[in-house]
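Have a look at the structure below, then the notes.
The values are calculated or read from the model by the stated rules, or taken from the named source; none is laboratory data. It should be emphasised that the depicted structure is a prediction, and the values quoted were computed from it without experimental measurement. Here the Cβ is made from the backbone with ideal geometry for all residues, glycine too, and neighbour counts use every protein chain on show. Areas reflect the complete protein model, heavy atoms only, side chains present, ligands, DNA and RNA absent. Shrake-Rupley method; radii C 1.70, N 1.55, O 1.52, S 1.80 Å.
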Amino acid sequence: MESERESFDLSGPLHLTHVVWDKAHHRTSVAASLVQGVYILERDRQEKREGPNALAPPWWTFFQFQLLRQLVDDVDSSIFGAIYEFRPSSSQYNDTLYKSPRYVIAFRGTLTKSHSVSRDIELDIHLIKHGLHQTSRSEIAIKAVRNMVATVGDSNVWLAGHSLGSAMAMLTGKTMAKNGMFIESFLFNPPFVSAPIERIKDERVKHGIRFAGSVITAGLTIAMQAKKPKDLSIDPFAALTAWVPGLFVNPSDHICSEYIGYFEHRRRMEEIGAGGIERLATQNSLGGLLMSAFGKESEPLHLIPSASLTVNITPSRDFKEAHGIHQWWKADLQVEHKLYNYK
C-alpha cells in the first residue's frame, strides 16, 4: 500500500497529460506533485532504491521538470527539499507557458519512518515553539531560495511545501518578502499553531472565543509595548502585505483548518468596528508573546497579512486523508476560494 502511494503510475495525476498553466487546478496539481517528489526522493534514499528502481523521478519528469539539486539536512543527511528546473519540450505548443515557473523549490513534511522521524519531530517541536527560524534546516532552505532568486529573479521561482515543509516554505517566503521579493507560493496543509477552534460547530461560541482571544492578545501586546517603547505607527505587516501566498487547507485537518477562522474572524472584526483590536491581535500570538516575556526570540510563522485561501470541501474519510498531499491533485477535487488582502 505504501509503495502504491509512492508510485506515480498508481497514485499520481495521470489525467494531467497537458498542463494549462493558467488553470488554477493544473498549477496546484503540479506544485503538489513536485512536493510529493521530495517525499519519494527521501524514501528512495531510505530504501536504497536507485536507477530503474527509484520511484521519485516520474513525479517531476511527467511535467517536464528536471531535478537540479537536492536539499539535505546537515543533522541526519535526509533529503528535505529539492530544486526543480522546468524544461518544456519545444515540439509541444503551449500558449500558457508564460504562467509557468522556471524553477520550483519544494519542501516535504514529516516522514514517520525511523530513518528521519526523530529529526522531523524535533523540527515540528521547534515549529510549535515558534523557533523554526533558528534551525540549521531553515538556514539551508533560506540560503537556497535566496541564491536562486538572486540568480533568476523572484518572478521565475515558485515555492511549494506540505505540512512541516509548508512551514519551511512559509518561512522562506516571509523572509524574502521582507526584502521586497515576492515569490509565488503553494502551501499545502500549512500548520497553524493554535487551539483547534475551527472544529467548534456553534458559530456564536466560536466567534465569542475568538473575540475574547483577540482582546487578550491585543491587551498583552499593548502592555508589552508599553514596557519596551516602540513606534506603534510602524506596522510589522506592511512589508509582507504584497506577498499573497496560496494556502491550501482542509476543514477536517485540525493542523491547518484554523486558517479558515483566522481570516474570516479578521473580516468580521472589521465589520463590527473592532478592526483596531484585531489589527494588533492578528500580528501576535499568545505563545509568541509569552516567549518574548521570558526573553526568548520567536517567529510565529502562521501570522500573515494576506493570502489566497483554497479550502477543500470534498468530504474526507479520515484525518490522514484530510492532511495528505494526494488530495490536491485529484481530478474530482472540489474547492472554495477566497482572497484576503490586508488593509
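Write down the accessible area per residue of segment 90-162 in Å², having rolled a 1.4 Å probe over the full set of protein chains.
On a per-residue basis, 47 Å².
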With all protein chains present and a 1.4 Å probe, the order of L123, L10, L68 from largest accessible area down is L10, L68, L123
Among L67, L127, F107 the positive-end extreme of the charge dipole of segment 28-137 (Cβ point charges): L67
Extension gain, V117 back to A238 (0.36 nm per residue minus Cα-Cα distance, nm): 39.9 nm
Expected field for K338, accessible surface area in Å² at 1.4 Å probe radius, rounded to 10, holds 100 Å²
If amide H atoms are built 1.01 Å from N in the plane of the peptide, which residues on other chains or at least 5 residues away come under 5 Å of the amide H of T110? L164, G165
Spacing of the two label points (7 Å from each Cα toward its C-beta) at Q334 and S11, in nm: 2.5 nm
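Among 258-264, 52-58, how do they line up by average Cβ neighbours within 10 Å per residue, starting with the highest?
In decreasing order of mean packing, 258-264, 52-58 become 258-264, 52-58.
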Compute the length gained on full extension between K23 and S90: take 0.36 nm times their separation in residues and subtract their Cα-Cα distance, giving the result in nm to one decimal. 22.0 nm
Flagged as over-length at 24 Å C-alpha distance, from K174/K320; K113/K143; K48/K143; K23/K178; K113/K320; K48/K320, the pairs are K174/K320; K113/K143; K48/K143; K23/K178; K48/K320
